[in-house]
Amino acid sequence: FTGWFESDDNGETLAVAPVDNDTVYPSDTKLYAGWRANSYTVSYHDKHTSDLLLLPGPQTFTYGVSGSITEQTITRNGYSFAGWSLSEDAVQVDYLPGQEVLSLASEDGAEIKLYAVWAANNYTIVFDANGGSNAPGQQAGIKFDEEVALASGVPTRSGYRFLGWSLTSGSIVAAYQPGDKVKGLVASSGVVVTLYAV
């Protein structure tokens, strides 16, 4: 509420200034209530980001007027940015980047806190017998933050003894053994990690 105003057109347009408390009217006069739409702020947060400069800055919205959530996205090693949530530990997205919103808060000066939602990137492990045969099948859909056991199968090669798995085909030293637990072998999404028999 911004005060009481005079109007020459039934309240369509109000006088520039509200009526002063000392104004005296000699006859009945109709005054009109003045209203200003409340404004609120949307701020962006991420518990995995200590550098606030990487986060979008706060936005000011006006009640009753549509606006858009920031289109800016943020990055995190091994994860894809999914969107924003009203809950700090949410896995479901409430708002997508650039999504149009209307009247998220009605109280003047309110702050709506939105938190980043992350999805762990997936990768696939493929086993290459490297001149042998009977390599285990691939392990697909492994999440970056998930610990998995490598396949327990052992390839065979006539005249050779299997020593383990390596990330390079020419290695003479094994980095992994069948059944070893691995986690986060690669950060990018959709990458195929090939393990070669040694």
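Evaluation of S7 against the conditions (1) of a type in the set (S, T, N, Q); (2) touching a Phe, Trp or Tyr at 6+ places or on another chain (Cβ under 7 Å); (3) within 25 Å of E107 (Cα to Cα) shows that the sole unmet condition is (3).
Sort out which residues of region 168-198 are of a type in the set (S, T, Y) and free of Cβ contacts under 8 Å to residues at least 40 places away in the same chain, and write them in order of number.
Answer for region 168-198, where residues must be of a type in the set (S, T, Y) and free of Cβ contacts under 8 Å to residues at least 40 places away in the same chain: T168, S171, Y176.
If only residues of region 97-120 that are in a loop (DSSP other than H, G, I, E, B) and within 19 Å of L54 (Cβ to Cβ) are counted, the one that is most open to solvent (accessible area, probe 1.4 Å) is P97. Considering region 61-98, the residues that are touching a Gly at 6+ places or on another chain (Cβ under 8 Å) and of a type in the set (S, T, N, Q) include one that is farthest from G184 (Cα to Cα), namely S68.
Say whether the condition of being assigned to a loop (DSSP other than H, G, I, E, B), closer than 28 Å to G190 by Cβ and either open to solvent by 70 Å² or more (accessible area, probe 1.4 Å) or touching a residue at least 12 places away in the same chain (Cβ under 8 Å) (or both) is met by at least one residue in region 30-47. Yes, region 30-47 contains a residue that is assigned to a loop (DSSP other than H, G, I, E, B), closer than 28 Å to G190 by Cβ and either open to solvent by 70 Å² or more (accessible area, probe 1.4 Å) or touching a residue at least 12 places away in the same chain (Cβ under 8 Å) (or both).
Restrict the check to region 175-189 and report whether at least one residue is more than 38 Å from the chain's Cα centre (by Cα) and of a type in the set (V, I, T). No - not one qualifying residue is present in region 175-189.
When N134, N77 are checked against the criterion of being touching a residue at least 40 places away in the same chain (Cβ under 8 Å), within 30 Å of Y176 (Cβ to Cβ), exposed (fewer than 15 other Cβ atoms within 10 Å of the Cβ) and over 11 Å from the mean Cα position of the chain (by Cα), N77 stands alone in meeting it.
Entry remark, region 148-167: residues being open to solvent by less than 80 Å² (accessible area, probe 1.4 Å) and either of a type in the set (S, T, Y) or without any contact (Cβ under 8 Å) to a residue 40 or more places away in the chain (or both) number 11 in total. For region 48-64, a tally of residues being open to solvent by less than 80 Å² (accessible area, probe 1.4 Å) and over 21 Å from F144 (Cα atoms) returns 8.
The values are calculated or read from the model by the stated rules, or taken from the named source; none is laboratory data. Just so it is clear, the structure is predicted and the values come from calculations on it, not from any experiment. A quick note on method: Cβ atoms are made from the backbone with ideal geometry, for glycine too, and the neighbour counts reach across all protein chains shown. Side chains are part of the model used for accessible areas, which takes the heavy atoms of the whole protein and leaves out ligands, DNA and RNA. Shrake-Rupley method; radii C 1.70, N 1.55, O 1.52, S 1.80 Å.
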